[in-house]
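The values are calculated or read from the model by the stated rules, or taken from the named source; none is laboratory data. Every value quoted in this text rests on a predicted model; they were computed, and no experiment measured them. Here the Cβ positions follow ideal geometry from the backbone for every residue, glycine too, while neighbour counts run over all protein chains shown.
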């Protein structure tokens, strides 16, 4: 890798979206107006070019897999530099940059068409694109940062941008409430994240990645003392608090479904490939710390598995397309943390990469439906849209197949690897992964069949239409990715179709230097291998590929059940709902978690806040009033002497001087 090239393009990747945001915000209201998308589009496009250049540099590097490039010294002391602004470039950085800038560029292009009403920009058009540019800058800074402090700065900046974007329609009470909820819930996780970084500094006297990870691998702190496993566990779990909040894991997942109140491009940008994956990126980046604590890894795996299953159950009965996809995002992020917890970090990153394509596609496709249905997104209010919106239907069908794990599409390969790794670690974790895969295929195609199949229905007064070119082009590009992106992680073998594909391809070998801590400390990923010859061929084949066939069968079964209940025999779904009314009610109301949070957390905090206000008003202010009462009383009593008569003042001065003279003389005589 060439240091000059890395340094220049790293700066440009961060500064170009920021410059686009500044130009859109400053010139948009008066000069650019309906063209305010161009500075951000060009800025994010330039960042994507830089990401491609850096990816090429990392790919072509033979022996040097990691490079730290100092940009400038931020805080210097007499003893030297305390904190240096630097970028860390390695395979993980290059992949994350490609995902972030690539998806962001497609979202910006899509948003140009979406954020217009009858080809006229909506109110706040320039503000929207300025926020998008600021968000991309923050996410790139988070990924490129070469130390924990820059990671934290990018982490918080991304949270701020998500608050602004979710609450874009700030005059809508639901959007304003969702933005505040996202911000406050993330503060809970970020508090633990900040404590984890402080504990890292207290332990290793440094926030630099390379320095800290080197000491972690040796097992010693800055003073040369051996670090206990308990200290590693504490650091890892505190850092994981931030990941639980940012990546919407149980119990801090509650903000993400409500965040659907933001515009659909925001849903695709934040909840598909960028902000919500920051927690996954952080755990992989800090792999040396997490892998040093078996307890922390077990917690990551269990939280991921439970979240994947829990969120999938709630998605089974929802009727809002964007909320179904939101719970699906929570579930798929749970898959990623399950992969991390069972020491299959490369499989988790692979799923992050493939998930970016099909989930961004589905969110943008749902936005296309919402745009055509006059803002309606509940599929109970429309149906049969495949005849009206054939392009949207085709692309969403591809994305849905990929999400459901349909064989040979992108989601199939990455999801299957995580399930394999989970079974290699613990049969219960693997079983949870398989059951979640079945539910995923069902709720995904329940949404597709209800929205696009059946009798054509549209809301009254709505002129249903296919989206324009600005919105369809990103859908087509993402659909291509949803089909072929998974083959970056597959090795192809000559011979017959059976056994032609084997997991662990180029993508995994590219990531090996980054995920090495997981391999040293864990059992690793048990992947499918070559199939033997001879009489034991069938047994050997099934032992290697049995789980792959099982997950494929479950995906097809889920699709089949959805078809029967939504297309072939819709009355059967009503019968099942009436047979289990309480179960349906609990799932539809999301286990009443929001209501429980309001009753047991929000309302007690409000009461505590009102109590504190009362203490401040009546106790603290009362004490202050009492302390000041004496001088105020004396002042009130003495002000009667101020009558405005000069001779009275003169007489008072003479009397006062006489008293002072008597006191002085008396003191001298005695």
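Observations on the model:
- For residue 317, the test of being part of a loop (DSSP other than H, G, I, E, B) and within 30 Å of residue 592 (Cα to Cα) is passed.
- Which numbered condition residue 502 fails, given (1) surrounded by fewer than 16 Cβ atoms within 10 Å (Cβ to Cβ); (2) modelled with pLDDT of 60 or more; (3) not in a helix (DSSP H, G or I): (1)
- Selection status of residue 628, outside the structural domain of residue 315 (by TED's automatic domain parsing) and either modelled with pLDDT under 90 or closer than 30 Å to residue 256 by Cα (or both): yes
- Residue among 256, 252 that alone is outside any helix (DSSP H, G or I), under 26 Å from residue 585 (Cα atoms) and out of contact with any strand residue (DSSP E or B) (no Cβ under 6 Å at 6 or more places or on another chain): 252
- Residue within segment 383-405 that is crowded, with 22+ Cβ neighbours inside 10 Å, in a loop (DSSP other than H, G, I, E, B) and more than 28 Å from the chain's Cα centre (by Cα) present: yes
- Against the conditions (1) farther than 27 Å from residue 375 by Cα; (2) in contact (Cβ under 8 Å) with a residue 60 or more places away in the chain; (3) in contact with a strand residue (DSSP E or B) (Cβ under 7 Å, 6 or more places away or on another chain), residue 90 satisfies every one except (3).
- Qualifying residue in segment 118-125 (condition: crowded, with 24+ Cβ neighbours inside 10 Å, at pLDDT 90 or above and part of a helix (DSSP H, G or I)): no
- Residues satisfying the stated conditions in segment 438-459, i.e. in contact with a strand residue (DSSP E or B) (Cβ under 7 Å, 6 or more places away or on another chain) and in a helix (DSSP H, G or I): 450, 451
- Selected residue (only one of 199, 164 is free of Cβ contacts under 8 Å to residues at least 60 places away in the same chain, more than 19 Å from residue 247 (Cα to Cα) and either in the same structural domain as residue 71 (by TED's automatic domain parsing) or in contact with a helix residue (DSSP H, G or I) (Cβ under 8 Å, 6 or more places away or on another chain) (or both)): 199
- Verdict on residue 290 being under 21 Å from residue 151 (Cα atoms) and not in a loop (DSSP other than H, G, I, E, B): yes
- Flag for residue 130 being assigned to a helix (DSSP H, G or I) and free of Cβ contacts under 8 Å to residues at least 24 places away in the same chain: no
- Count of residues meeting criterion [surrounded by fewer than 18 Cβ atoms within 10 Å (Cβ to Cβ) and in contact with a helix residue (DSSP H, G or I) (Cβ under 7 Å, 6 or more places away or on another chain)] in segment 214-226: 3
- Among the residues of segment 413-428, the ones that are surrounded by fewer than 22 Cβ atoms within 10 Å (Cβ to Cβ) and assigned to a helix (DSSP H, G or I) come to 4 in all.
- Tabulated pairs, segment 63-76, first outside the structural domain of residue 89 (by TED's automatic domain parsing) and more than 17 Å from residue 4 (Cβ to Cβ), second modelled with pLDDT of 85 or more and outside any strand (DSSP E or B), C-beta under 9 angstrom, 6+ apart or interchain: none
- Residue match in segment 261-272 (condition: surrounded by 24 or more Cβ atoms within 10 Å (Cβ to Cβ) and farther than 28 Å from residue 172 by Cα): no
- Count - residues of segment 578-602 that are in contact (Cβ under 8 Å) with a residue 24 or more places away in the chain and farther than 16 Å from residue 251 by Cα: 3
- Candidates 22, 31, filtered to the one that is at pLDDT 85 or above and within 23 Å of residue 102 (Cα to Cα): 22
- Checked against the criterion of being assigned by TED's automatic domain parsing to the domain that holds residue 360, more than 21 Å from residue 330 (Cα to Cα), in a helix (DSSP H, G or I) and touching a residue at least 40 places away in the same chain (Cβ under 8 Å), the candidates 435, 462, 476 yield just one match: 476.
- Selected residue [in contact (Cβ under 8 Å) with a residue 24 or more places away in the chain, assigned to a helix (DSSP H, G or I) and surrounded by 24 or more Cβ atoms within 10 Å (Cβ to Cβ)] from 299, 276: 276
- Restricting the first member to segment 209-233 and to residues that are on the phi > 0 side of the Ramachandran plot, and the second to residues that are surrounded by 14 or more Cβ atoms within 10 Å (Cβ to Cβ), the beta-carbon pairs closer than 8 Å and six or more apart or on different chains are 219/227; 219/292.
- Filtering segment 1-23 to residues that are out of contact with any strand residue (DSSP E or B) (no Cβ under 6 Å at 6 or more places or on another chain) and not in a helix (DSSP H, G or I) leaves only 2.
- Residues of segment 53-64 classified as surrounded by fewer than 16 Cβ atoms within 10 Å (Cβ to Cβ) and either assigned to a helix (DSSP H, G or I) or within 27 Å of the chain's Cα centre (by Cα) (or both), total: 3
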